[in-house]
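Working notes for the structure below.
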Amino acid sequence: MVSKLNLNPELIDSARSAARNIAEDVQNFIDKNTTVAVERTVARLMGVDGVDEVEKPLPNVLIDAIKEGGGLSTGAAFWIGNAMVNTGNSPQEIAEKVSAGQIEITKLPIAHEDKIMEAVYKTAQEMVEKIKNNRARRDEYLNTIGEGRKPYLYVIVATGNIYEDVLQAQAAAKQGADIIAVIRTTGQSLLDYVPYGPTTEGFGGTYATQENFKIMRKALDQVGEEVGRYIRLCNYCSGLCMPEIAAMGAIERLDVMLNDALYGILFRDINMQRTFVDQYFSRIINGFAGVIINTGEDNYLTTSDAYEEAHTVLASQFINEQFALKAGLPEEQMGLGHAFEMNPNLENGFLYELAQAQMAREIFPKAPLKYMPPTKFMTGNIFKGHLQDAMFNLISIWTNQGLQLLGMPTEAIHTPHLQDRMLSIENAQYIFNNARSIGDEVEYKKDGIIQKRAQEVLAKAEELLKDIEKEGIFDTIEKGKFGGVKRSFTGGKGLEGVVEKDKKYFNPFIDLMLGGAK
Amino acid sequence: MKSVQKVDLTKIKPYGDTLNDGMVQMSFTLPVPYGDEASEAARQLAAKMGFDEPAVVYSKDLGVGYTYFVMYGKCSHTVDYTSIEVPKVSMEFMEREEVEEYIAENIKRDVVIVGACTGTDAHTVGIDAIMNMKGFDGHFGLERYKGIDAINMGSQVSNEELIAKAIESKADAILVSQVVTQKDVHVANLTELVEMIEAEALRDKLILVCGGPRISHDLAQELGYDAGFGSGSYANHVASFVVKQIVEKNLI
Ligand code: B12
């Protein structure tokens, strides 16, 4: 592809190689450690589900028991497998017995390694098949009823009540939405467990539970068949339960997942060691399940200036790309994030936004880029807001973005009302249709404002990446280079859930899922 | 030629293009299927809201059996503008330098202010705008003020932690930010803080202020706070209020 921005390919290569080294460095750390969330995920993938009489999820009950017995560093698979060999029970029955105090999982006699492996892999393989089938089911839908054209129209529902969400989601699908994201309730990312069952109470969003996933999946399949378009379902695989939510999503055939360690570190104060380890496993699962991930670069621009800090977004996209590749997630599933967040009073702001979006398109040609709407400079003036969203939509069709998170005119006021979504979808459909081929027709002036801006942002991103390469990502975050937020290596939430792996440690799902279906 | 009619401030109503035409534009959704009956329902509803000549100028099927309307109507009600009273932080706000002088002259020690965005709320930009050095929109934050020791605890801070910090630092004032207001979460959280402070017998020893885009002074007072600050607030507003209250309540 010829660069419309006249970007220097050597700079791109240099930035990418710095990002690769940065990711490699973190990967060395990741490979040595595991977390309670990773092990709960292993338990879930082996079939453990449900809650005890005080609503504590059984995966937590089981992993807490293993942790208390000093066995976490060997991994849940080892202990569950050993218990299976000892008792002949299924993982679910074992979890129930642990919960009832009938067995002490770390005190059972240790069976022969081959026996343990055999039991574990047999069970693990079943789940892997199930997830493969989900993937095939999605492909079948895409091949039969088809899908909307890119950029996909992505809207959120956030009523707090899953049944109300269903109504709003089905309405949005009928109005033209391609992706429905069920926003999580405030505070869920800080829970060190995943709530259970269908839920009807949430604030600013709805709990992510496996049952809620199931309810929404069914509703979207139904409406998808009706409107003749596969409707994708999105949720949030971030926070302290990142990989568990990835697993639940894979089991219930979600299609898109927000998935970004940096977002949790910077905006939820989650410990960086914890969440990098969690992210790795969650991306393996997402990769295997054919889920498009969305990264959270757009958020940096809510706490720092979008014009000044544009290069941090690009730098982070490079890093996220490398982390995703390490987890075997193909480029076609990398919804790298960015946003239209410059101050609307900025002269030529539209040109700078256009430069940024076109640059991301050229540097990550296969990625279904996730483009976020103006939020920070949205106000109670909903009419102007509708125009801001129109400018954003124009750039998206012009630069061929992948996932268009639609802006709502009421962004500054409340989570979307039913009609807000309709107005936003109409806005995007009008502009996408009316300007469909603008990107193929228009070129940019050589050394003009747009080209120069993109070149400058790329140069600054490359410089930043080389700095990070020297310092390491952990130090960089400690210094506050992303989003202007400083976080310490040992601070934040969830560090107590990280342990170093023992020599005997194994996780069958990394083996079975890394690098896609074999 | 007739001159333009004068406004009667005791009986005001909306202005479209002629005084007292009462013109209002509005939009809403009704949970009924698109069609003539839906539009008639919207019209009747607008009439009940007090609009004369209600007109549906646009309606659209939202799917799922709901309909959206854009409407006009002439408002039949009036209000007396001359009798309006709005509870506000009623004071002349000082600029930063004036606040600094005021502290030096009247308080003669550092004023300690602890702030946080509390509960599960993770929005820091508002409280940072008020407290951090850099401030917001060209107005420096409290950290920048001579004579003020500003401690910003960030977001997702529990009420317990906030109170513990206030006690430890011998705070003169607590600033709480609340941005997420869906289903009135902020009300529950703000109320809990006041109750906990009262339980610690600290209420008389502290100036308690809350803020956020959906917070009004009225609401704040109702919940037991000394003041509430909404959108467009700056550090000097809060600082003026706090230092004057310290003197007024004799907390020097
Ligand atoms: C930036 C942003 C975020 C960022 C926050 C980054 C950060 N570190 O702060 C991120 C992306 C993390 C975020 C997350 C969420 N957000 Co948000 N977010 C916004 C956004 C776009 C801007 C808010 C902002 O920064 N405003 C700028 C500041 C300067 O203004 P301000 O907060 O009003 O502060 C001023 C005054 O209010 C006042 N003030 C504020 N606090 C205080 C305190 C005191 C003591 C005083 C004196 C004054 C004062 O002074 C300030 C300066 O004038 C708004 C939409 C919008 N345009 O307003 C949504 C918005 C606030 N978010 C919203 C929601 C729902 C969420 C989520 C819950 C979504 C979810 N389910 O995940 C999560 C929150 C998670 C959580 N645990 O809280 C809703 C809230 C709806 C409601 N009314 O309840 C909004 C309105 C968007 C929407 N339409 O849905 N968000």
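The values are calculated or read from the model by the stated rules, or taken from the named source; none is laboratory data. The model shown is predicted, which means the values in this text are computed figures rather than measured ones. Ideal geometry is used to build each Cβ from the backbone, glycine not excepted, and the neighbour counts take in all protein chains shown. Accessible surface is based on the protein model in full, side chains and every heavy atom, while ligands, DNA and RNA are left aside. Shrake-Rupley method; radii C 1.70, N 1.55, O 1.52, S 1.80 Å.
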(message) I'm checking my understanding of the structure. Among residues of the stretch A:485-505 that are within 19 Å of B:D128 (Cα to Cα) and either of a type in the set (V, I, T) or open to solvent by 60 Å² or more (accessible area, probe 1.4 Å) (or both), which one is nearest to the ligand (Cβ to nearest atom)?
(response) A:V485
(request) Show the residue pairs that are 6+ apart or on different chains and have beta-carbon atoms under 7 Å apart, the first residue being within the stretch A:225-240 and in a strand (DSSP E or B), the second being among the charged types (D, E, K, R). (result) A:R232/A:D178; A:R232/A:D255; A:L233/A:R217; A:L233/A:D255; A:C234/A:D255; A:Y236/A:R184
(request) Provide a single number: the residues in the stretch B:51-80 that are in a strand (DSSP E or B) and either over 13 Å from B:Y15 (Cα atoms) or within 11 Å of chain A (Cβ to nearest Cβ) (or both). (result) 17
(request) Would you check which residues across the stretch A:325-356 are open to solvent by less than 10 Å² (accessible area, probe 1.4 Å), in contact with a Lys or Arg (Cβ under 6 Å, 6 or more places away or on another chain) and part of a helix (DSSP H, G or I) and list them? (result) A:A355
(request) May I ask you to list pairs of residues, at least six apart or on different chains, whose Cβ atoms are under 7 Å apart, with the first in the stretch A:272-288 being farther than 22 Å from A:G491 by Cβ and the second being of a type in the set (F, W, Y)? (result) A:R283/A:F323
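Select, from B:Y34, B:Y81, the only residue that is in contact with a strand residue (DSSP E or B) (Cβ under 7 Å, 6 or more places away or on another chain), open to solvent by 80 Å² or more (accessible area, probe 1.4 Å) and either within 30 Å of B:G211 (Cα to Cα) or modelled with pLDDT under 95 (or both).
Numbers: B:Y34 fails: either within 30 Å of B:G211 (Cα to Cα) or modelled with pLDDT under 95 (or both).
That would be B:Y81, the only listed residue that is in contact with a strand residue (DSSP E or B) (Cβ under 7 Å, 6 or more places away or on another chain), open to solvent by 80 Å² or more (accessible area, probe 1.4 Å) and either within 30 Å of B:G211 (Cα to Cα) or modelled with pLDDT under 95 (or both).
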(request) Can you tell me which residue among A:G197, A:G239 is crowded, with 24+ Cβ neighbours inside 10 Å, more than 25 Å from A:Q175 (Cα to Cα) and small (G, A, S)? (result) A:G239
(message) Among the residues of the stretch A:261-294, what is the count of those that are away from chain B (no Cβ under 14 Å), charged (D, E, K, R) and farther than 13 Å from A:A327 by Cα?
(response) 1
(message) For a quick check of your reading: which helices (runs of 4 or more DSSP H) sit entirely within the stretch B:154-252 and have at least 2 residues that are more than 9 Å from the ligand (Cβ to nearest atom), within 30 Å of A:T185 (Cβ to Cβ) and in contact (Cβ under 8 Å) with a residue 40 or more places away in the chain?
(response) B:159-168, B:185-199, B:217-222
(message) Which condition from (1) of a type outside the set (V, I, T); (2) in contact with a Ser or Thr (Cβ under 9 Å, 6 or more places away or on another chain); (3) more than 16 Å from B:Y225 (Cβ to Cβ); (4) part of a strand (DSSP E or B) is the one that B:F93 breaks?
(response) (4)
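Across the stretch A:154-191, which residue is nearest to the ligand (Cβ to nearest atom) among those that are more than 14 Å from chain B (Cβ to nearest Cβ) and touching a residue at least 60 places away in the same chain (Cβ under 8 Å)? I'd like the intermediate steps shown before the answer.
As a first pass, look at the stretch A:154-191 and keep what is more than 14 Å from chain B (Cβ to nearest Cβ): A:154, A:162, A:178-179, A:181-182.
Now restrict to residues that are touching a residue at least 60 places away in the same chain (Cβ under 8 Å): A:154, A:179, A:181.
Numbers: A:Y154: 15, A:I179: 16, A:A181: 10 Å.
Ranking the candidates gives A:A181 first.
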(request) Scan the stretch B:105-125 and give yes if some residue there is more than 14 Å from chain A (Cβ to nearest Cβ) and polar (S, T, N, Q), otherwise no. (result) yes
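May I ask you to list the residues in the stretch B:121-134 that are near the ligand (Cβ under 9 Å from one of its atoms) and open to solvent by 10 Å² or more (accessible area, probe 1.4 Å)? Walk me through how you get there before you give the answer.
Of the stretch B:121-134, the ones near the ligand (Cβ under 9 Å from one of its atoms) are B:121-131.
Result: B:A122, B:H123, B:T124, B:V125, B:G126, B:D128, B:A129, B:I130.
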(request) Just give me the residues in the stretch A:261-297 being open to solvent by 10 Å² or more (accessible area, probe 1.4 Å) and either at pLDDT below 95 or within 16 Å of the ligand (Cβ to nearest atom) (or both), in sequence order. (result) A:Y263, A:F267, A:R268, A:D269
(message) Testing A:A111 on (1) open to solvent by less than 30 Å² (accessible area, probe 1.4 Å); (2) farther than 22 Å from A:D52 by Cα; (3) hydrophobic (A, V, I, L, M, F, W, C); (4) not in a loop (DSSP other than H, G, I, E, B), one condition comes back false. Which one is that?
(response) (4)
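Scan the stretch A:302-311 residue by residue and report those that are within 16 Å of the ligand (Cβ to nearest atom) and open to solvent by 10 Å² or more (accessible area, probe 1.4 Å).
We begin by selecting, within the stretch A:302-311, every residue within 16 Å of the ligand (Cβ to nearest atom); these are A:302-306, A:309.
Across the stretch A:302-311, the qualifying residues are A:T302, A:T303, A:S304, A:D305, A:E309.
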